[in-house]
1. Could you check K48 against (1) farther than 16 Å from M159 by Cβ; (2) surrounded by fewer than 18 Cβ atoms within 10 Å (Cβ to Cβ) and say which number it fails?
2. Residue pairs, Cβ under 8 Å, 6 or more apart or interchain, first in segment 1-26 and closer than 17 Å to A132 by Cβ, second among the polar types (S, T, N, Q). List them.
3. If a residue counts only when it is free of Cβ contacts under 8 Å to residues at least 60 places away in the same chain, which strands (runs of 3 or more DSSP E) contained entirely in segment 42-156 have at least 2 such residues?
4. Does V31 qualify as being out of contact with any Gly (no Cβ under 9 Å at 6 or more places or on another chain), crowded, with 16+ Cβ neighbours inside 10 Å and modelled with pLDDT of 95 or more?
5. Among the residues of segment 216-257, count how many are assigned to a strand (DSSP E or B) and under 37 Å from the mean Cα position of the chain (by Cα).
Amino acid sequence: MLRRAKQVLRIEAEAIEGLCKHLSKDFEKAVDLLARCKGRVVVTGMGKGGIIGQKISATISSLGTPSLWLHSAEASHGDLGRITRDDTVIVLSNSGETQEVKDLLPQIKRIGAKIIAITGNIRSTLAKYSDAVLDTSVKKEACSLGLAPTSSTTAMLAMGDALSVCVVEKKGFKKDDFAFLHPGGSLGKRLLLTVEDIMRKGRANCKVGVDTSVKDTLLSITAARAGAAAVVDKRGRLLGIFTDGDLRRHIEDDKGLLDKKVKGVMTKHPTVINSKKLAYEALRLLREKKIDELPVVDDQNRPVGMLDVQDLLKAGLV
């Protein structure tokens, strides 16, 4: 079985490799049609090719080009109304002679939409109706019977990926654009989520003056349910931070610690971050400096928030 599995993978890999020889000016034309499309990219097909079409449509949409999937059979029963003259239609059919697809082609032409064919038969009815033809013909299917769509659908999928990637580059789609369309993904969070979005603020942002006692500072930290306190001067500017680490470092050697002023035991000149920075940058600082608390400051170095490593965990950045 392992030998047979390797054989299947090699056959499909060869099918993809063979696509390079099939690329022509029609591929460039297809990219241009999609990049200039004023409407949506409608993807349609039947059977296994149709399922591949759904993935292609999803990929195109995720990369900034509005797209929808249209079942070829349902199109002939009312769903044809989803296509407009401003759309570009990608039609998948290995034979290019699938009846439901053939029935659809004249109607698309009447509407005025452009057609891109992804097919294994460049002399088919589908190819003749199309404005650009992408040849995905393969030497053989990986199926031992030579019948089940395997190599052919793999070739279609790879061609769809190549088409989608080239359209992205032609349109100048950037990482920020991708992040905007994927706010729930890790990349989206890295590129969109700011420190201000997740920092602790208001009552949860513990701040004390330099002359506050260590005891009162601890009470303030407890009341705020925080892990540290920002220590500020009379103008509200950050001078230091007091954490549980500072407490541990001094408590054994100083029995009168609780009555001392916090300015004497705080960490001076702590690492800080501006509230407008990306949250992922805060994560990098925490890891780099090996700290758990990060004061968030404004342009006047006033602490407007506190960022704890737990906040980054909750936000899904860790």
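The values are calculated or read from the model by the stated rules, or taken from the named source; none is laboratory data. Being a predicted model, the structure only gives us computed values, none of them experimental. Methodologically, a virtual Cβ is constructed for each residue, glycine included, from the backbone with ideal geometry; neighbour enumeration extends over all protein chains shown.
1. So K48 meets the others, but not (1).
2. Pairs found: L19/T136; H22/T136; H22/S137.
3. Result: 67-71, 88-93, 114-119.
4. yes
5. Residues meeting the conditions: 6.
Listed here are the residues, each with its yes/no results for (1) more than 25 Å from D86 (Cα to Cα); (2) surrounded by fewer than 18 Cβ atoms within 10 Å (Cβ to Cβ); (3) at pLDDT below 95; (4) not charged (D, E, K, R).
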position: D103; (1), (2), (3), (4): no, yes, yes, no
position: T119; (1), (2), (3), (4): no, no, no, yes
position: R123; (1), (2), (3), (4): yes, yes, no, no
position: S130; (1), (2), (3), (4): no, no, no, yes
position: T136; (1), (2), (3), (4): yes, no, no, yes
position: K140; (1), (2), (3), (4): yes, yes, yes, no
position: S144; (1), (2), (3), (4): yes, yes, yes, yes
position: P149; (1), (2), (3), (4): yes, no, yes, yes
position: T154; (1), (2), (3), (4): yes, no, no, yes
